[in-house]
Amino acid sequence: MNDFFRIASLVLFCLAAVARAEEPLRSLAEVQALPDDVAVQNLPVELEAVVLYADPNRGDTVIYDGTSSCFIFVPNPGNDPPGKERPKVGNRVFFRGISQSRGITPHVEAQSWEVLGQGSIPAPRQLLADEIFSSSNDADWIEVPAVVIGVESGGIAYTLVVEVYGHIFKADIPHTPDAPQRAAALMQRPATMRAIFATVYNNQRQTVGRHFFVPSFDAIEPRSQDITDGPAAKPTRVIDLLGRNTSTTDLVSMEGIVTQEDEKGFYLRDDSGSTRVQFIMTEPLPAGTRVKVEGFGAIAPFRPILRATKVTRLGIEKPPAPKPMNFSYVNDSSQQMELVQLHATLLGTRVMQDEIILQCQSGETVFEAFLPFDPETPAPFLKGDLLKLVGICELTTTHPLPRPEWVNGFRIRLADPRAVALLHRAPWWTTTRLLIALGIMTGLAALGALTSLFFRRVVRKQARFIGEKMSDEAVLDERDRMARDLHDTLEQQLVGVALQLDGIDKVAKTDPSQISSRISLARRMIRHTRVEARRSVWDLRSKVLEEHGLAAALQSMVQGALLDEGPKIMLEIAETVPSLPSGTDFHLLRIAQEALANAMKHAQAKNIVISLRDLDSSLVLSIQDDGIGFASKSQDTLMTAHFGMLGMQNRVEKIGASLDICSSPGNGCQVTIKLPLKNPNESP
């Protein structure tokens, strides 16, 4: 039913607005009666009103037209035409603007205005205690009993902290040069405050707080001319504040030394302890200033504080020494608001709008230290630095009730950057840097391993290619040599055999008696050709040398040379044969093959002995037979005429060995090759 009436009223209102052909709204009561979805349609507004509040630095303004009070947003001063007079408190002003709905209730956005003169500010309405949190009185011009208990900074105006009906609120007053002095004169004095009662709301236009807009300090009137009109201040000490004999309504006085100051007051130490004094600072009170303070005690966590009404300087003394921080603070509130000193390691920092939070650790205790932010002197500290901190200790607890036995932490309030001293710079090799360095070294090691693997593959590939090329070249050389051997031996000998056979055919017709001798000669030539063919087969068996070494190759050579009607061949090889450079064992094998072939072809030997031994740092290869031998004088002739002997000499020279041939008629022949072995300890 309520929704029906609401919709019906909205329809009627819209019809009326259309009927008026956009006739302007002419009263604030009409504006505030607009539904939200109508107020946002920028309906024209024209009205005359008195200014109740105006911030000269911003467009925040509150007006009253006799029907209601309402917020009106006037463009910021920087957008005013030259010579344009801005609305001031008490002015009677004609406004033209449009309706808006961005707050709890609809309001007006001014497009133009004209100051008509001075108006009459209406009497405020008395705000009752049960109306404090009702948003229906938003923007009302009210009057309440209040006590100024402090100031705040960082707002859009000069902000007082006031106590109204037992609740703490903020009250904004336009800035004036004498604001600190006038606020100090109001501290802790019961007063009557005339102000605009405003609402703090969120994006969903829900009430989240209340505060006051006070036109000027003249709107706060103390109920008595001087605080001294009442009873005289009762002397007390920090330890006795709000004890059994005092209450929050008793005016007390105490004397002590200032330990630290800030914009909201200072900390005071006497012979019984330390506490905080809330006071509107009109002039500096450096550490070491002796003062006498009058005011009222107030309840605060772990230790009462003093809300000062009067502070008297008594002189300047030596700044008080900080006390060592006692980390056994559980069930001991004596360190609350005390000036302390401690050493701590910096864990990190957080930069806020007006302070720097140092996250520190001392022993097993982690805590925070708050340093006022100064953009001109940034804190030159690094994570891991060892610091000395001097500041005010504030005990903390995570329990709902701040009882001393439930204290489980603390924080430090630092006065300025001088309260932090660097004792020892953090080591450069932090855990993070060590991990980074380890990662880099691991990466480099992996890169080196991959590079090494890559180059090993390249080297193996190149070595394989070079080896294959050398092998191919060796094969080609050996093929050339074998071709020469076949041409010089087998082919010539086969031609000779063919000639003998042709000769037999001829002598059979002319001289049959020679057939027998010719056949015998052909048989000997065929036998010799077979020996040469066997030697060629030996050459093809050099693969044994590559895979098993010189000793195995010699064994294979001997087995291939054995014939039923041929000489007996014996092989004598030492138990250990030193390894030889590539190519050297190949030449030794070829020399042995040549010497064995010569013995079998020419020596008519019955026994042939081949030996390989290590003698006097040399490798000695010997081929000895018991054949017919030859005269030493004919050795030169053989060496120069026989292709095999020349080949043996060339191979010996290539490997740096010596060749010795010892023979005489009837005593056989011995061929000795002596190869010096290089000392492995010698440099190449």
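The values are calculated or read from the model by the stated rules, or taken from the named source; none is laboratory data. These figures come from a predicted structure and were not determined experimentally. Note that each Cβ is placed from the backbone with ideal geometry, even for glycine, and that neighbours are counted across all protein chains shown. In case anyone asks, the SASA skips ligands and DNA or RNA and just uses the protein heavy atoms, side chains included. Shrake-Rupley method; radii C 1.70, N 1.55, O 1.52, S 1.80 Å.
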- With every protein chain in place, what's the accessible area of Arg651 (1.4 Å probe, Å², nearest 10)? 40 Å²
- Span-like helices, the chain: DSSP H, alpha-carbon axial extent 15 Å or more, mean Kyte-Doolittle 0.0 or greater, which ones? 2-19, 431-485, 492-510, 550-561
- Accessible surface, the range 125-200, averaged per residue in Å² (probe 1.4 Å): 39 Å²
- Message: I want to check the label-to-label distance for Ser153 and Phe94. Put each point 7 Å from Cα in the C-beta direction and report it in nm to one decimal.
- Response: 4.6 nm
- Kindly report the accessible area of the range 47-124 per residue (heavy atoms of protein chains, probe 1.4 Å, no ligands, DNA or RNA), in Å². 45 Å²
- Query: Along the charge dipole of the chain, which of Pro324, Gln341, Leu675 sits closest to the positive end, that is, farthest toward it, with unit charges on the beta carbon of Lys, Arg, Asp and Glu (+1, +1, -1, -1)?
  - Reply: Leu675
- Note on the structure: Among GluC sites (Glu not before Pro) in the range 566-605, those in a DSSP loop whose Cβ has at most 13 other Cβ atoms within 10 Å are Glu575
- Message: Placing unit charges on C-beta atoms (Lys and Arg positive, Asp and Glu negative, everything else neutral), compute the dipole magnitude of the chain about its Cα centre in debye, rounded to 20.
- Response: 2380 debye
- How large is the accessible surface per residue of the range 331-459, computed with a 1.4 Å probe and reported in Å² as a whole number? 62 Å²
- Message: Leaving out ligands, DNA and RNA, and with a 1.4 Å probe, what % of the accessible surface on the chain is carbon or sulfur?
- Response: 55 percent
- Message: What lysines does Lys461 reach when the alpha-carbon gap must be under 27 Å and sequence neighbours fewer than 8 apart in one chain are set aside?
- Response: Lys469, Lys543
- Query: How large is the helix-only mean residue ellipticity at 222 nm for the chain, computed as the sum of -39500 (n - 2.57) over DSSP H runs with n ≥ 4, divided by its residue count, in deg cm²/dmol to the nearest 500?
  - Reply: -9000 deg cm²/dmol
- Query: Straight-line reach from Lys264: which lysines have a Cα under 18 Å away, not including same-chain ones fewer than 8 places off?
  - Reply: Lys170, Lys292, Lys310
- Beta carbons within 10 angstrom, averaged per residue: use that to sort the peptides 364-370, 252-258, highest first. 252-258, 364-370
- Task: Please find the FRET efficiency linking Leu453 to His548, where r is the Cβ-Cβ separation and R0 is fixed at 35 Å, and quote it to the nearest 0.05.
- Result: 0.65
- Task: With a point put 7 Å past each Cα toward its Cβ, work out how far Leu563 is from His424 in nm, to one decimal.
- Result: 9.6 nm
- Item | Residue list for the range 79-101, given a label point 7 angstrom along the Cα-to-Cβ vector of Asn42 and an amide N cut-off under 12 Å | 98-100
- Gain in length, Gln206 to His399, computed as 0.36 nm per residue apart minus the alpha-carbon separation, to one decimal in nm? 66.5 nm
- Task: Can you spot the lysines whose alpha carbon is less than 19 Å from Lys388's alpha carbon? Ignore those fewer than 8 places along the same chain.
- Result: Lys323
- Task: First measure r as the distance between the Cβ atoms of Thr442 and Lys469, then evaluate 1/(1 + (r/R0)^6) with R0 = 51 Å and state the FRET efficiency to the nearest 0.05.
- Result: 0.80
